[in-house]
Amino acid sequence: MAAMLQPQIILLKEGTDTSQGKAQLVSNINACTAVADVVRTTLGPRGMDKLIHDDKGNVTISNDGATIMKLLDIVHPAAKILVDIAKSQDSEVGDGTTTVVLLAGEFLKEAKPFVEDGVHPQNLIRSYRTACYLAIDKIKELAVSIEGKSLEEKKSLLAKCAATTLSSKLIGGEKVFFASMVVDAVIAIGNDDRLNMIGIKKVPGGNMRDSFLVNGVAFKKTFSYAGFEQQPKKFLNPKILLLNIELELKSEKENAEIRLSDPSQYQSIVDAEWNIIYDKLDKCVKSGAKVVLSRLAIGDLATQYFADRDIFCAGRVAEEDLQRVAAATGGTVQTSVNNIIDEVLGTCEVFEEKQVGNERFNIFSGCPSGRTATIVLRGGADQFIEEAERSLHDAIMIVRRALKNSTVVAGGGAIDMEISRYLRQHARTIAGKSQLFINSYAKALEVIPRQLCDNAGFDATDVLNKLRQKHALPSGEGASYGVDINTGGIADSFTNFVWEPSVVKSNAINAATEAACLILSVDETVKNPKSESAQGEAAASPMAGRGRGRGRGMRRR
């Protein structure tokens with residue numbers, strides 16, 4: 001009776017949606033599995049591409065897990081975690097973005113029956129974390145170092161890593177051609193960590209093989225005034241002056257007013273303006289520079305002035321291109337033309353303006369510091385070139401990682417099968433429920449070779465059985481056997497040069513385990529109705545708050 005008289009306590013605002021308990025956890029797992037299913041078919045050399053059409057009408061064709069995850073407008077709060085791990089894998093390592101989403105989805109899928117049977121999620125989390133540590137230790141043990149090799153050997157090893165990455169992309173058909181280009185570009189920038197030191201320029205037209213690498217800087221010809229045609233288009237060992245100032249006649253910024261008592265004084269004021277610009281141009285010429293680049297405009301007067309003195313000039317050069325020219329030629333960007341000394345001028349062996357497709361490019365090659373490179377990409381459709389750029393970005397990141405952490409592991413699902421075998425073996429030494437959980441973690445790792453087979457149209461069960469048998473050999477000779485995409489059987493990934501940097505795999509397993517543990521540890525979701533209605537209002541009135549307070553402008557005299 002006393003219990004019936006107790007008043008009902010209202011904690012949360014009316015309309016708040018709360019879901020908790022086992023059903024909530026299972027719902028989150030289902031959402032994550034659905035997201036993993038979207039990118040599942042893009043894995044591996046025979047992976048399919050996704051065409052994503054956004055609300056603005058932009059069309060993107062991509063095979064890259066991170067790009068697909070970014071473009072999918074996922075609203076489910078738990079599934080958003082998978083988007084985050086794909087982004088982190090992309091920024092940290094560059095490749096393995098599909099792998100990381102797939103693994104996280106599979107870990108959760110394996111955990112689902114245990115959750116439904118009433119196992120406490122914390123037990124699962126504990127076992128998954130243990131399995132993750134064991135897996136990463138095993139990767140370190142199996143990794144092969146490429147340190148101490150000569151430059152030529154290192155180049156060929158890195159090219160194989162790049163080729164493995166590119167084999168699953170749209171430009172996989174020309175992977176050898178692009179892999180060597182990427183390796184040359186990464187070696188050219190040396191230890192410089194800035195990725196923008198490798199420029200990628202896209203020129204529609206031609207075919208992929210027309211793409212080329214410039215050991216230096218290349219950028220599209222900027223807007224030019226009359227007189228540009230008369231300038232020389234090729235120099236050997238020129239001095240290069242980099243500016244961040246406008247070289248043109250400037251009208252006053254404010255409505256300046258000058259009172260004159262004598263009309264003859266007017267001419268002196270006009271002359272003063274001309275003298276200022278001529279003084280600037282004269283100082284540029286006296287510096288001895290033969291190529292003048294500026295981030296701001298170089299006007300028609302300056303263009304003609306430089307043309308008369310056999311000097312090449314380009315205005316409105318993009319900021320990043322100017323910075324790359326500065327890094328390559330050893331010059332410094334100047335904000336004034338006064339006191340230009342030789343130390344601030346850059347130089348290169350050859351400067352020329354060249355036709356690429358229907359565009360003209362300014363190319364600086366043979367740069368002394370050589371800490372920059374430019375890849376000029378050719379191809380038919382715009383979407384194709386965009387995807388080629390994304391693929392090259394992945395390959396560049398992989399080669400940089402392999403150079404820094406110089407250890408590689410066997411690809412093609414070999415390392416996943418070996419870790420899976422090792423964890424199954426380890427699980428047998430554990431008494432208690434944890435044995436089952438680590439076993440399920442080991443089974444989840446098999447999703448990579450299985451998906452590689454499915455995407456290539458092979459019988460996954462048959463191939464996996466062969467792999468399990470090979471990896472179970474007591475001698476350990478089958479440790480590097482993975483899926484052979486060409487024949488539909490199994491092959492030694494190491495001898496077939498299917499390699500990937502060990503950091504890709506350890507990062508993917510780590511991130512996927514973290515994400516799975518994070519989702520398993522959530523047992524309640526609370527949706528605040530206020531924030532939802534606020535978002536709805538904001539969406540309904542996008543023009544709200546605009547267009548007010550304009551007032552009338554002051555009348556000009």
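The values are calculated or read from the model by the stated rules, or taken from the named source; none is laboratory data. Here the structure is a predicted model, which is why all the values come from computation and not from measurement. With ideal geometry, Cβ positions are generated from the backbone for all residues, glycine too; neighbour counts draw on all protein chains shown. Surface areas here come from the heavy atoms of the whole protein model, side chains and all, with no ligands, DNA or RNA. Shrake-Rupley method; radii C 1.70, N 1.55, O 1.52, S 1.80 Å.
The set of residues in region 450-497 that are open to solvent by 70 Å² or more (accessible area, probe 1.4 Å), of a type outside the set (Phe, Trp, Tyr) and either within 21 Å of residue 47 (Cβ to Cβ) or not in a loop (DSSP other than H, G, I, E, B) (or both) comprises 454, 459, 461, 462, 465, 466, 468, 469, 486, 487, 496.
Would you check if residue 531 is at pLDDT below 90, touching a strand residue (DSSP E or B) at 6+ places or on another chain (Cβ under 6 Å) and open to solvent by 10 Å² or more (accessible area, probe 1.4 Å)? No; evaluated as a whole, the condition is false for this residue. Would you check if residue 421 is open to solvent by 20 Å² or more (accessible area, probe 1.4 Å) and more than 30 Å from residue 239 (Cα to Cα)? Answer is yes for this residue.
Total residues in region 53-77 satisfying the condition of being of a type outside the set (Gly, Ala, Ser), within 23 Å of residue 30 (Cα to Cα) and outside any loop (DSSP other than H, G, I, E, B): the figure is 5.
Checked against the criterion of being assigned by the TED database to the domain that holds residue 432, in contact (Cβ under 8 Å) with a residue 24 or more places away in the chain and outside any helix (DSSP H, G or I), the candidates 119, 115 yield just one match: 119.
So for region 325-332 (the condition being open to solvent by 70 Å² or more (accessible area, probe 1.4 Å) and either free of Cβ contacts under 8 Å to residues at least 60 places away in the same chain or assigned by the TED database to the domain that holds residue 244 (or both)), does at least one residue qualify? No, every residue in region 325-332 fails to be open to solvent by 70 Å² or more (accessible area, probe 1.4 Å) and either free of Cβ contacts under 8 Å to residues at least 60 places away in the same chain or assigned by the TED database to the domain that holds residue 244 (or both).
If you take the residues of region 370-418 that are open to solvent by less than 30 Å² (accessible area, probe 1.4 Å), among the hydroxyl-bearing types (Ser, Thr, Tyr) and outside any loop (DSSP other than H, G, I, E, B), which of them is nearest to residue 133 (Cα to Cα)? Only one residue fits best here, namely 391.
Output the residues belonging to region 131-148 that are modelled with pLDDT of 90 or more and open to solvent by 60 Å² or more (accessible area, probe 1.4 Å). Passing the criteria: 133, 137.
Checked against (1) touching an Asp or Glu at 6+ places or on another chain (Cβ under 8 Å); (2) open to solvent by less than 50 Å² (accessible area, probe 1.4 Å), residue 114 passes all but a single condition, namely (1).
Within region 250-309, restricting attention to residues that are free of Cβ contacts under 8 Å to residues at least 24 places away in the same chain and among the β-branched types (Val, Ile, Thr), the residue that is surrounded by the most Cβ atoms within 10 Å (Cβ to Cβ) is 276.
Just one residue in the set 244, 196 is closer than 25 Å to residue 325 by Cβ, surrounded by fewer than 18 Cβ atoms within 10 Å (Cβ to Cβ) and not assigned by the TED database to the domain that holds residue 279; that residue is 196. Hey, any hits in region 502-511 for a residue that's on the phi < 0 side of the Ramachandran plot, open to solvent by 30 Å² or more (accessible area, probe 1.4 Å) and in contact (Cβ under 8 Å) with a residue 40 or more places away in the chain? The answer is yes, given that some residue of region 502-511 is on the phi < 0 side of the Ramachandran plot, open to solvent by 30 Å² or more (accessible area, probe 1.4 Å) and in contact (Cβ under 8 Å) with a residue 40 or more places away in the chain. The residues of region 335-352 that are modelled with pLDDT of 85 or more and over 24 Å from residue 189 (Cβ atoms) amount to a single one, 335.
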